[in-house]
Amino acid sequence: MVGCRGCGHAIGGAHEYTAEQHEHGATGLGAWQFIRTSEFWFQSFQNWQSEFLAVGTIVVLSVFLRQRGSAESKPVGEAHATTGSSG
């Protein structure tokens, strides 16, 4: 999955980067050449940073924003064996 994402980013990013370079009169790059540029790595790390931030926020907020008394939420100290029991 990560490899497919990386290949897609390299191909799409190289295409976009080449179009920008042609607008300024410079030559374009292929996907393998684009991987070696700082632009590729900047975009990749920026994407991963936003993903980790989103997932981390969901995890932290899910701990603090439980709905008390909800049928879908069990008490924190409750044993796993009693999950799903009514009453």
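Computed from the coordinates by the stated procedures, all read-outs in this text should not be read as laboratory data. What you see is a predicted model; the values in this text were computed from it and never measured.
Give me the extension gain from Q21 to F52: residue separation times 0.36 nm, minus the current Cα-Cα distance, reported in nm with one decimal.
Contour length minus the Cα-Cα distance gives 8.1 nm.
Give me the compactness ratio for segment 2-65, meaning the Cα radius of gyration over 2.2 N^0.38 Å.
Computed over Cα atoms of segment 2-65, the ratio equals 1.50.
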